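Data block below; observations after.
The values are calculated or read from the model by the stated rules, or taken from the named source; none is laboratory data. Computed from a prediction, not measured in an experiment: that's the story for all the values here. Glycine also receives a Cβ, built like all others from the backbone with ideal geometry; neighbour counts cover every protein chain displayed.
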Amino acid sequence: MENDTTLVAEEDFLVLLQDPATRDKAFEELVSNYQERLYWHIRRIVLDHDDTDDVLQNTFIKVFRNIGGFKGDSKLYSWMYRIATNESLSFLKQKSRKLGVGSLELQEKLVEQLESDVYFEGDEIQLKLQQALAQLPEKQKLVFNMKYYQNMKYDDISAVLGTSVGALKTSYHHAVKKIEAFLTTE
Amino acid sequence: MKKKVPNFKAPEGYFEGFMDRLKDRMDEKSSIIPEDDGFGVPEGYFESFGDHLQEKLPQQGRLIQFKPWMYAAAAGIALLLLIPFTNNEPEQNFELAMSELEEYWEEADLEFAAFEISESSEWNPETLIVENPDLETDELQDYLEQELDLEDQEHLMEEDLILDYDEAL
């Protein structure tokens, strides 16, 4: 749970982001603080580095464009994570339409491409992990990656995905079981 | 008849701590799923990302500062478009209008202040989204869809996540 100091600090930071006189400097700080976390969140959805770079830039551009209207009803980081998630899913939707394939087929294609991706350093087991993830429903995959690889707390994931903590736990454990089964049997 | 109590005992405090231990077990990393998922990034990517992004913010067609001369150009084009509908001899007057426009272009002071433009225009003087002007039809379609998505997202942004997936968790 965030303490009051953190909440006040975020409110103060939001004021800096919304004031035209301080916006640019505050935005640079925001990018510096969140670029890595958002990069990994996006990368695990779109898989390819160059695509991730595009989506990450679009995410920050959108944050920049909309920060003036952000009312602070949710936390800044969960708002940015939601934008990053939406941008990533929209990107995949467009890609899927361009290639004329369904969502599952697209996931399988993306995993195939990882084999020749210079920025994928995984071996056989990691490739198999991605094959397992490709079979999961999108929300289970999101929850799994956010919990297992980004070590996010359920409360924080809940704020981003708008799903109850109980449902997230169920989703996560379903995902783990399916991935384990895939890795041991296929 | 008195109910028999089973002759078993649990360690003291066992049930008080059970939920915490269960949660710890549930959060444990799997022994089968690798801890590293194998993704890498180009060297120095994060160090240069901020500068790279800053370069893109004011240019690159994502966000373009709408300069006063662009308003002047737009106004000029609007004038030219109106001429055929307001005159009986469009060609002759079109030439005249062109020369007048060129003369005006050469001599006029076009250093408008942003607020002057904003007062005479419904457009937002600060930013205008301009994508690549050489868009192919497919790209244009993508762009429009994306922008429609973006508009939707902006309404939903404070609360909702866009997921197409209705499957049970």
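Would you confirm whether any residue within the range B:27-45 is at pLDDT 70 or above, over 23 Å from A:Arg43 (Cβ atoms) and part of a loop (DSSP other than H, G, I, E, B)? Yes, that holds for at least one residue. Among the residues of the range B:37-46, just one is surrounded by 11 or more Cβ atoms within 10 Å (Cβ to Cβ) and more than 7 Å from every other protein chain (Cβ to nearest Cβ), namely B:Tyr45.
Among the residues of the range A:149-161, those that are of a type outside the set (S, T, N, Q), without any contact (Cβ under 8 Å) to a residue 40 or more places away in the chain and either within 18 Å of A:Ile83 (Cα to Cα) or within 7 Å of another protein chain (Cβ to nearest Cβ) (or both) comprise A:Met152, A:Ile157. For the range A:153-183, the set of residues classified as of a type outside the set (Val, Ile, Thr) and buried (at least 21 other Cβ atoms within 10 Å of the Cβ) consists of A:Leu161, A:Leu168, A:Ser171, A:Tyr172, A:Ala175, listed by residue number. Residue count for the range A:172-186 under the criterion of being in contact (Cβ under 8 Å) with a residue 24 or more places away in the chain and in a helix (DSSP H, G or I): the result is 8.
Within the range A:63-70, one or more residues are facing chain B (nearest Cβ under 7 Å), part of a helix (DSSP H, G or I), touching a residue at least 12 places away in the same chain (Cβ under 8 Å) and crowded, with 20+ Cβ neighbours inside 10 Å. Just so you know, in the range A:105-130 the residues that are more than 12 Å from chain B (Cβ to nearest Cβ) and touching a residue at least 40 places away in the same chain (Cβ under 8 Å) include one that is surrounded by the most Cβ atoms within 10 Å (Cβ to Cβ), and it is A:Leu110.
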